[in-house]
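The values are calculated or read from the model by the stated rules, or taken from the named source; none is laboratory data. Since this is a predicted model, take the numbers as computed values, not measurements. Cβ: placed from backbone, ideal geometry, glycine included. Neighbour counts: every protein chain shown. SASA here: full protein model, heavy atoms, side chains in, ligands and nucleic acids out. Shrake-Rupley method; radii C 1.70, N 1.55, O 1.52, S 1.80 Å.
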Amino acid sequence: MKVLITDGLSEKGIEILKKGGLAVDLRLKLPHDAIMEVIPEYDALIVRSATKVTSDIINAAEKLRVIGRAGIGVDNIDVDAATRKGIVVMNTPGGNTITAAEHTLALIFAIARKVHLADSSMKSGRWEKGRFMGVELYGKTLGIIGLGNIGSVVADRAHGLRMKVIAYDPYITEEAAEKMGVELVSFEELLKNSDFITIHTPLTSETRNLINARTIGMMKKGVYIINCARGGIVNEKDLMDAISKGHVAGAALDVFEKEPPDDWTLARMEQVVATPHLGASTEEAQEKVSIAIAEQIVDFLKNDIVRNAVNVPSIPKELYEALKPYILLAEKMGSFQAQLLTRAASEIWVEFIGDVANQDVTPITISLLKGFFSIFQENVNYVNAPLIARERGVKVIESKSSKTKDFASLINLRVKTVDDKEHLVAGALFGKADPRIVRINDFMVEAIPKGFMIVMQNYDRPGVIGSVGTLLGKREINIAGMQLGRKEIGGVALSLITVDNIVTEEILDELKRLPNIIDARLVKL
């Protein structure tokens, strides 16, 4: 398997890829059209922020399974296009945490004490001691927007400066914030009460232009704004206007809407400290993210382990081994159920019962969806299966229950079709890793989901199984195993007949014409 690297990666990272058995091509600063030309050859692509991985590049890929970003931001990658094509997008969120947090603090100090202006003055041969009056950080309120990896480190360091720290983050609990010594407040409260505001969120549709004329107007007069997150979160024109009017005392910016900027006016304002996206630019951080992304790529391509993916649930190594039997069972169940349906699905309800309900079941559900939709279209994988469900208008529901009677863990798959009929398949593990289908609608069975299987409904009459065996024998179809289920004597019965080779539609039609046979279908697992 081949890996293309178009932005800088450390030697240690490259060595990890090679030791993992991957062929590595380091082609730095490759133009967009050149990447499009060569990308069909590669299984993986590793970039930093310089390479723009557009939908054109993604659509030109033929073998590409994963795009790795050596860093945290993925706004240079068309994640939607990658997801649609079933390509995993990974980043390395922890690799530059300390570095980015320290750069934030450096900018806070610089803007508070006008270090940039004093340095420029000195370099011009001037001693202007009275000109650069600053403000203390001690006792000031620092408002942090986004209390994730980087924001939490900034909070920790700010406590050491004896600053009061408040934060806005809708995705963190009050308990978690309290453990960090941070007061969780609303967005409006943060804007009104902060002396310094620092941003640590990704650029999304919700955060684009989050800091604008309206929100700046809610801030204290004399506030300082720091952005080391992503360009586009702060509206640059509105910030310039607020600085010019004196409402914002100063700003420190490491990121810009366009990099490098087309208009340098904001960066040149004397109230602004500007750096060229240096948040992750330390030797330590560059080494960490290189090693991290290389290890993740090897794990994914060689062991199917997904870590730090932004478009598919990640599974830690230790959890993967525990979930793997359930993941395999769920995929078989999805495929089995899909092959039995005669109408399109409108709803898929996956119920986890018993011990399995204590796990993170999202990867199991996705595996089930992969098995289900692979029957209807090609190139379905763990990345795009949920998207395919949404595009087909199929509602997916997960539920958990700790109560179970017959099995330590049970997975129920209920599918409602467009004609409002419900179909049930249940699966369980025998021992620790042997998958079984244990129920089909109202019939209890115990079938290994493997190979070719005839699923047959018939009336419970003497001689039915004998006639089926005779017909299959005449057609040189060997029976490998058989499971029978019925609700009552003489009623409708279900037979699962595992065979060694494929059964044609012609043979299935012959089976259906036998006495007392209601239906017969072939399932391939």
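So here's what we get for this one:
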| item | result |
| --- | --- |
| Charged-residue dipole, Cβ positions (Lys, Arg, Asp, Glu), region 293-424 about Cα centre, Debye nearest 20 | 220 |
| In nm, spacing of pseudo-spin labels at GLU189 and HIS247 (7 Å Cα→C-beta vector) | 2.3 |
| Sum of side-chain charges, LEU147 neighbourhood, beta-carbon under 12 Å (Lys, Arg +1; Asp, Glu -1) | -4 |
| Pairwise FRET efficiency - LYS487 versus ALA50, Cβ, R0 = 56 Å, nearest 0.05 | 0.30 |
| Long-range amide H partners of ILE197 with built H, under 5 Å | GLY143, TYR224, ILE225, ILE226 |
| Cross-link partners of LYS258 among aspartates and glutamates (Cα-Cα below 20 Å; sequence separation of 8 or more within a chain) | ASP7, ASP75, ASP78, GLU206, GLU236, ASP238, ASP241 |
| Stretchable slack from ASP420 to LEU340, in nm (0.36 nm times residue separation minus alpha-carbon distance) | 27.2 nm |
| Cα-centre dipole for the chain with unit charges at Cβ (Lys and Arg positive, Asp and Glu negative), debye to 20 | 340 |
| Considering only the chain, percent of DSSP beta bridges that pair antiparallel, nearest 5 | 50 |
| Mean residue ellipticity (222 nm) of the chain, computed from DSSP H runs ≥ 4 via -39,500 (n - 2.57), nearest 500 | -10000 deg cm²/dmol |
| Region 68-133 shape via C-alpha gyration tensor axes, a/c threshold 1.5 | prolate |
| Region 2-103 shape via C-alpha gyration tensor axes, a/c threshold 1.5 | oblate |
| Heavy atoms of TYR42: accessible area, 1.4 Å probe, square angstrom to 10 | 0 |
| Share of carbon and sulfur in the accessible heavy-atom surface of region 185-235 [1.4 Å probe, %] | 50 |
| For LYS85, solvent-accessible area (1.4 Å; no DNA, RNA or ligand), Å² | 80 |
| Cα-based shape type of the chain, given that a ≥ b ≥ c are square roots of the gyration tensor eigenvalues and the cut on a/c is 1.5 | prolate |
| Calculated FRET efficiency for the pair GLU259/SER205, C-beta based, R₀ 30 Å, to 0.05 | 0.90 |
| With every protein chain in place, region 361-472: carbon and sulfur % of accessible area (1.4 Å) | 49 |
| Region 375-455: GluC sites (Glu not before Pro) in DSSP coil with no more than 10 other Cβ atoms inside 10 Å | GLU378 |
| Difference of contour (0.36 nm per residue) and Cα-Cα distance, LYS18 to MET122 | 32.5 nm |
| Solvent-accessible heavy-atom area per residue, rounded to whole Å², over the chain at 1.4 Å | 48 |
| Kyte-Doolittle mean at least 1.0 and Cα axial length at least 20 Å: DSSP H helices in the chain | 97-113 |
| Accessible area of ASP360 in the full protein assembly, 1.4 Å probe (Å², nearest 10) | 70 |
| Whole-percent carbon and sulfur share, accessible surface of region 1-85, 1.4 Å | 50 |
| Normalised contact order of region 1-147, rounded percent, pairs of Cα under 8 Å and 6 or more residues apart | 16 |
